Structure formats: structure tokens, C-alpha cells
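Here is the structure we will look at.
The values are calculated or read from the model by the stated rules, or taken from the named source; none is laboratory data. What you see is a predicted model; the values in this text were computed from it and never measured. Cβ atoms come from the backbone with ideal geometry, glycine included; neighbour counts cover every protein chain shown.
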Amino acid sequence: MKEQIQEKFRTLYGCDGEMFASAGRINLIGEHTDYNGGYVFPGAIDCGILAEIKPNGTAKVRAYSLDYDEFVEFGLNEEDKPEQSWASYIFGVCRETAKRGGKVEGFDTVFAGDVPLGAGLSSSAALESTFAFALNSLFDNGIDKFTLAKIGQSTEHNYCGVKCGIMDQFASIFGKSGSLIRLNCKTLEYKYFPFNPEGYRLVLVDSCVKHELASSAYNKRRESCERAARAIAKNHPDVEFLSDAKRVWLDEVRSEISEEDFIRAEYVIGEVQRVLDVCDALERGDYETVGEMMYQTHFGLSRLYEVSCEELDFLNRLARKCDVTGSRVMGGGFGGCTINLVKDELYDGFISAVKEQFTARFGHAPKIYDVVISDGARKLE
Ligand code: GLA
């Protein structure tokens, strides 16, 4: 990928630039908790976005996507937003950097990625983080890493229509090889946990299902949570986010909110507690409990939060049948992957059962990704 980018860069712009990379992410547990002020437990993975960049001394960005084989040129003012969705991520990062007082001038770039699209591995956060990190370095802005993550998140909010939390961009910027990171999304305190579960493997099974309208469904989930939190806060004024609420406080407002908002909030409050339980279990080396919590999360995401789909529920049941330790839908949902914690000796049997039975049922094969926890945003020498 690197050589292809360099070759294209030279052909298009007649010089060399600097190379930057960032990563996709997994999340062990803590789903849809980030925008509710709860904990998440992600890590960066060994696939991501690679970009060569060089300031060009003009007020224009010239960008070429190797994967789409598309060239786009755009200006840096608010009205210059490009039509291509991949380019609007880069444009958004430029705008959000500038809004925070960062210097951004025109540049040339060629980039490519190997994060599977629509698999729930945050290819968009990888793209945002690569450019947020690169612009910070190229224009010497001295912006701190949390702000870089927020630049990516605000790009989603303001230029891509997804009211996401901070998890993906955080993982993509802060990721460290071999470690998962527990982040408190309210206080932004975080802690690296070396993750090397001896005797187990983490594997993703990609249903290859991409649901239309996933972003509007995602925004609706967030609105439900905010309504529930506001109702609870009337009785308990300290509640700012749903993660601040106790389960009994939710019961108190049951008749005041819709049944839908209630079950969404019920899931979130349970999930916030599960992340803490998983951290305790990890400290004891108790992977069976970690796995059981993953199954509970799947149940919640499927039945209460309703972000699963037939294919993902099928994969989850199949994992149970194959005695997989833990399995659940990962990321925003509505398609994408399950994340599975599998004992070494059961791995081969699980993978062949998945390939055979999923294909027989749905007529297309799933994809299998072995997870390697890797570094996040960086400059390549
Ligand atoms: C998407 C969002 C994240 C997070 C997850 C669900 O990946 O971008 O902020 O909310 O869904 O945990």
C-alpha cells in the first residue's frame, strides 16, 4: 500500500510528502455508552489509513483516494464542502482544526486504507484521525491528543451527520500495541490494560451486512437516551448523563417516558456496570466472566437497544453452540461484525462452523479477521 501511495503521489504532484497513519478499532465491551458518559474499552487494530501529505503553498486541498480511484480538489472555507463523502471527512477535519485556532493551509495528499468498510471497525475515525494528526504535525499546531480526537468526532457531527461519541476517534488516536484502553467518557480519564489472554483468541466475524440509514437510527438511539436522562434528572439533579443514573431511578420515571426510551435506557445502565465487571474479571484473569458479560451485552444490544440484525443474532447463537467463551455484536450495530473470545483449541472448529453454516443460511460467506491490537495515529519515518 505504501509504495502504491508514494508512486501515485509522485505522478500527481511531482514530489514526495510525509507519511502518516492511523488505525481502526475494536471494542471489548461498553457499547453505546460513550455518548452516555459511561466507560468504553477499545483498542486500535492493525488495519487503518495511510496517507502521504505535503503542504502545497495554496489555499486548496488536492486529494486522491486510491481505493475509490478519485481525485477531488476543494477550498478551505465553510462553503467549499466537497460532495464525495470520503472527501468531506478530510474537509471536516480541516474545518474543525481551524475552528480550534489551528493553522490549516492547502496541501496535496494521496491516501488508502485497509479497514473493511461498513464492518463496524471505524474506518471513518481512522481517516479523521490520520488527517487530524497529520495537519497538527505539518502545521506545527501543538494541539493535544484529546482535542485531535474531538476534531474527528466533531467532523462526524457537523459534516457527516452522525452524532457519535468519542470512542472511535479516541481509540484511533490513543491506541497502543498490545493494550486495550478503558476510557471514562465523562471525565476522559483513561487507563491502558495490557491484553494478552493466554489460551484465548479474539476474532471478528464480519456478517458483511451494511444497513442503510444506520446513521439516522444511531442518532435516534442517542435521542432516546438523552430524553431518559432528562426525565431522571428531574428527580436526581446530579444526573447529567444516563451513566450517572441508578437502575431504580429509571424505574421511577417509567410512566413518564415511552416504553422505547425505557428499554434503551435499561440497556445502557446495564452496560455501564458490565464494563466495570469486565475490568474486575480481567484483573483476576477470569476470562469466563468476561465472555459471559459479552453475551449479556449481545442480548441487550439485540433485544433492548435493537441494533442487531438476523445475521448477527445467528452468529451469536452459533458461537454459543460452539462453546465460544464470549460473543457479541460490536460497534454501532445494524450490521458489521461480532467480536468473539475463543479458546485456542476451539478456534478452528468455530471458524469452520461459522463459514459453513452462515453461508448455508444467508447465501454469502462471512469474513474472518484475527485481531492484533496495535498503535494508533502516528507519523511514519
Ligand atoms: C459507533 C460510534 C461510537 C460508539 C459506537 C457504539 O462506533 O461512532 O461513538 O457510540 O458506535 O458503542
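Things worth noting here:
- Filter pass, Ile166 being within 14 Å of the ligand (Cβ to nearest atom), under 28 Å from Val307 (Cβ atoms) and of a type in the set (A, V, I, L, M): yes
Residues checked against (1) over 30 Å from Arg264 (Cα atoms); (2) touching an Asp or Glu at 6+ places or on another chain (Cβ under 6 Å):
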site: Asn316; (1), (2): no, no
site: Arg328; (1), (2): no, no
site: Thr338; (1), (2): no, no
site: Asp344; (1), (2): yes, no
site: Ser352; (1), (2): yes, no
site: Ser374; (1), (2): yes, yes
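- Single residue of the range 330-370 satisfying the filter (under 18 Å from the mean Cα position of the chain (by Cα), closer than 26 Å to Pro194 by Cβ and buried (at least 19 other Cβ atoms within 10 Å of the Cβ)) that is nearest to the ligand (Cβ to nearest atom): Gly331
- Filtering the range 7-46 to residues that are surrounded by fewer than 24 Cβ atoms within 10 Å (Cβ to Cβ), within 16 Å of the ligand (Cβ to nearest atom) and either of a type in the set (Ser, Thr, Tyr) or at pLDDT below 95 (or both) leaves only Tyr35.
- Candidates in the range 266-293 are the residues that are of a type outside the set (A, V, I, L, M) and under 16 Å from Leu242 (Cα atoms); of these, the one that is nearest to the chain's Cα centre (by Cα) is Glu271.
- The set of residues in the range 79-108 being within 16 Å of the ligand (Cβ to nearest atom) and either outside any helix (DSSP H, G or I) or surrounded by fewer than 17 Cβ atoms within 10 Å (Cβ to Cβ) (or both) consists of Ser85 alone.
- Selected residue (criterion: farthest from the ligand (Cβ to nearest atom)) from residues of the range 217-232 that are closer than 30 Å to Phe362 by Cβ and in contact (Cβ under 8 Å) with a residue 12 or more places away in the chain: Ser224
- Residues (of a type in the set (Phe, Trp, Tyr) and within 18 Å of Gly291 (Cα to Cα)) located in the range 333-381: Tyr347, Phe350
- Residue within the range 341-350 that is among the aliphatic types (A, V, I, L, M) and touching a Gly at 6+ places or on another chain (Cβ under 8 Å) present: yes
- Residue pairs whose Cβ atoms lie under 7 Å apart, separated by 6 or more positions or on different chains, with the first residue in the range 49-62 and in a loop (DSSP other than H, G, I, E, B) and the second surrounded by 23 or more Cβ atoms within 10 Å (Cβ to Cβ) and of a type outside the set (D, E, K, R), are Asn56/Phe107.
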